[in-house]
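One structure below.
Coordinate-derived values only; no laboratory data. It should be emphasised that the depicted structure is a prediction, and the values quoted were computed from it without experimental measurement. Glycine gets a Cβ as well: all are built from the backbone with ideal geometry, and neighbour counts include every protein chain shown.
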């Protein structure tokens, strides 16, 4: 089972793309930077301001809620950037 405080690269891509789509369609952005919606979503990710949650459905049917703030922190420590 994948730890609750880790993200896969696929989850990171999905989080950033989903948030960029929200920003593109007019959702409030929590960072004040110039750039397109993807750059803004990446900056929100770096600052741990993503207003989303991640739930994993495990093979046994269990649903696991990921601690997103801790998972983003671990991602940035391990990979440095998005």
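Observations, loosely collected:
- According to the calculation over all Cα-Cα pairs in the chain, the P(r) per 10 Å bin from zero is 18, 49, 27, 6, 0 %.
- Contact order normalised by residue count of the chain, Cα under 8 Å, 6+ apart, percent: 36
- Packing around the peptides 25-36, 4-15, 47-58, taken as the average count of other Cβ atoms within 10 Å per residue, puts them in this order, highest first: 4-15, 47-58, 25-36.
- Helical runs (DSSP H, four residues minimum) scored at -39500 (n - 2.57) apiece and divided by the length of the chain put the mean residue ellipticity at 222 nm at -14500 deg cm²/dmol.
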